[in-house]
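Engineer: Dropping the structure in here first, questions after.
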Amino acid sequence: MKTAWIGACKGWMAAAAWVGAAGLMAPGLAWSQSAELVGVNYPSSLRVGGSSLVLNGSGVNYRGMTKQYTVALYAPQKSDQVDTVLGGFNAPLQLRFVMLQGMRVDDLGMVIMRGIEANSSRDVFFKLIPSISMMGDVLSHIKRLEPGDTLAIEYIPKRGTLFLVNEQPVGMPITEPTFFPAVTRVWLGKKPVTQDLKDALLDFSPPPVLEALR
């Protein structure tokens, strides 16, 4: 069983390397701008697992000069500090994507897996292989997202990580408690998809001196 997980993971990693070369995770492809600037208006709050969450920030991901998707972060309280906004993962959280271009969902899966690897120790990454494999099974039911489609990845304590497409649950929850923190680090970790998109999700505005140097 473990060999099968490792084999599946290696296959995803090989594909992810090609995707990375194509530019999905190349630096500088996400500009620090709100999703509202491209016509996507996220609600200021929503409910997950019976708890009210607030919109912490939203941003746009680009592939080259093409707007690919927007993503928003919902958390119990608004903050520009990662540790504060995630709150130790003791409360529900949600990453919410709205597609601007048609996209194979396994491309996004590859980005997530590659980002988990970049922001995790080797031991932690290998511990997450079963969960990554389960994510692959969930995403295989989605196959493709079209412009305007919504994908939500949400975390509910004691239940796990859930995937929803256009508000409809897909697959079973991934119960490993360390999986959702690893997913959030893809966009909010020390090696995010891009720093600009991380800043947008944290609604972070650099001081004027730093902004002038960007």
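Engineer: Sort through LYS143, LYS78, LYS127 and tell me the only one that's modelled with pLDDT of 95 or more and charged (D, E, K, R).
Structural biologist: LYS127
Engineer: While we're here: For the range 39-82, which residues satisfy the criterion of being touching a strand residue (DSSP E or B) at 6+ places or on another chain (Cβ under 8 Å) and exposed (fewer than 13 other Cβ atoms within 10 Å of the Cβ)?
Structural biologist: PRO43, SER44, SER45, ARG47, SER52, GLN77
Engineer: Could you tell me whether the range 87-109 includes any residue that is touching a helix residue (DSSP H, G or I) at 6+ places or on another chain (Cβ under 6 Å), crowded, with 19+ Cβ neighbours inside 10 Å and either among the hydroxyl-bearing types (Ser, Thr, Tyr) or free of Cβ contacts under 8 Å to residues at least 12 places away in the same chain (or both)?
Structural biologist: No, the conditions are met nowhere in the range 87-109.
Engineer: Return the only residue of ALA72, ALA8, ALA15 being within 19 Å of the chain's Cα centre (by Cα), of a type in the set (Gly, Ala, Ser) and modelled with pLDDT under 55.
Structural biologist: Residue meeting the stated conditions: ALA15.
Engineer: Hey, could you check the range 146-173 for residues that are under 15 Å from the mean Cα position of the chain (by Cα) and hydrophobic (A, V, I, L, M, F, W, C) and say which is nearest to ARG96 (Cα to Cα)?
Structural biologist: ALA152
Engineer: Given the condition open to solvent by 10 Å² or more (accessible area, probe 1.4 Å) and touching an Asp or Glu at 6+ places or on another chain (Cβ under 9 Å), answer yes or no: does some residue in the range 172-190 qualify?
Structural biologist: yes
Engineer: Go through the range 148-170 and give me each residue that's open to solvent by 30 Å² or more (accessible area, probe 1.4 Å), in contact with a strand residue (DSSP E or B) (Cβ under 8 Å, 6 or more places away or on another chain) and at negative phi.
Structural biologist: Matches in the range 148-170: ASP149, ARG159, PRO169.
The values are calculated or read from the model by the stated rules, or taken from the named source; none is laboratory data. These numbers were taken from a predicted model, which means no experiment stands behind them. Positions of Cβ are generated from backbone atoms using ideal geometry, with glycine treated the same way; all protein chains shown enter the neighbour counts. Just so you know, the surface numbers come from the protein's heavy atoms only, side chains and all, with ligands and any DNA or RNA stripped out. Shrake-Rupley method; radii C 1.70, N 1.55, O 1.52, S 1.80 Å.
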